[in-house]
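This report concerns only the one structure given below.
The values are calculated or read from the model by the stated rules, or taken from the named source; none is laboratory data. Since this is a predicted model, take the numbers as computed values, not measurements. When we count neighbours, we look across all protein chains shown, and the Cβ atoms used for this are built from the backbone with ideal geometry, even at glycine. SASA here: full protein model, heavy atoms, side chains in, ligands and nucleic acids out. Shrake-Rupley method; radii C 1.70, N 1.55, O 1.52, S 1.80 Å.
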Amino acid sequence: VLVGRCSNDTTIEVYSTGKSTLSVDSVELLGIDLSQFKIVTTFPRSVQPGDSLKVVLKFCPDSVKCPMNATLRIFTAAGPKDIALKGCGVQPQMIIKPSVLDFGRVHIGACKDSFVMVSNPGTDTLTITKESIADPHFTALDPLPLLVPPDSSTRLNLRFCPTEIAIRTAGDSIIGDAPQSPFFLILQGEGKIGILSLPKVIDFGEVRKGSCKDSIIYAVN
């Protein structure tokens, strides 16, 4: 279970197999990790012969640890009963490198794709659920949600499409279920355009009839 969250309800059934009503007086948690487990059902309760009582528990870890152990002790008229409990507190992590993605100079009207690496050194799958970029010249390309297993990494792909000669800087707010969320990735890029300069006149001078003369012009950007 992710740290800071709770499991779904887990049910333990206490059966009355005798010929008279079974009194379930109370329950308690024992052990070093007892605070990680929560008892939902209230007591005391009575169970008719042949019937059963559902004891509902939750596991709500507050730290990364595996396993976490506790004992549920149920006090009944027939004597106490112990049940072993176990759970794991897990948590994904989110590391993105580089923290600044520079697309460099890109021709106006064209686009350039690039990427950063998203790593998860945590103990559970990292889920990236949202990317938010305010500048429309930058676009996130990956379909979300994006899943990154523990001890793995994947590419986060982005695109820059300039429409003017200007240096642009924007932020990509990347949201996931890791404690580092949201991660703020800086995006940079510049639009460029080529300017062609040619001579207006090419003068070959005097050339003998029946012969040829070569010349050179320079195209300057």
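Looking at segment 42-58 only, could you name the residues that are open to solvent by less than 20 Å² (accessible area, probe 1.4 Å) and either in contact (Cβ under 8 Å) with a residue 40 or more places away in the chain or part of a loop (DSSP other than H, G, I, E, B) (or both)?
L53, V55, L57
Condition test on G189, is it under 19 Å from K97 (Cβ atoms), open to solvent by less than 40 Å² (accessible area, probe 1.4 Å) and more than 11 Å from the chain's Cα centre (by Cα)? Quick ask: steps written out before the conclusion?
Values: under 19 Å from K97 (Cβ atoms): yes; open to solvent by less than 40 Å² (accessible area, probe 1.4 Å): yes; more than 11 Å from the chain's Cα centre (by Cα): yes.
Answer is yes for this residue.
Counting just the residues of segment 138-174 that are in contact (Cβ under 8 Å) with a residue 40 or more places away in the chain and closer than 18 Å to G122 by Cβ, which one comes out most open to solvent (accessible area, probe 1.4 Å)?
Filtering segment 138-174 down to residues in contact (Cβ under 8 Å) with a residue 40 or more places away in the chain leaves 138, 148, 150, 155-165, 172-174.
Narrowing further to those that are closer than 18 Å to G122 by Cβ: 148, 150, 156, 174.
On the way: V148: 1, P150: 49, L156: 0, I174: 0 Å².
Only one residue tops the list, namely P150.
Filter segment 92-132 down to residues that are open to solvent by 40 Å² or more (accessible area, probe 1.4 Å) and touching a Gly at 6+ places or on another chain (Cβ under 8 Å) and give me whichever is nearest to F59 (Cα to Cα).
Q93
Look at D142 and say whether it is modelled with pLDDT of 95 or more, under 19 Å from the mean Cα position of the chain (by Cα), part of a loop (DSSP other than H, G, I, E, B) and not basic (K, R).
The answer is yes for D142.
Testing F43 on (1) within 29 Å of G122 (Cα to Cα); (2) at pLDDT below 95, one condition comes back false. Which one is that?
(1)
So which residues in segment 192-221 are hydrophobic (A, V, I, L, M, F, W, C) and surrounded by 10 or more Cβ atoms within 10 Å (Cβ to Cβ), if there are any at all?
Hit for segment 192-221 is I193, nothing else.
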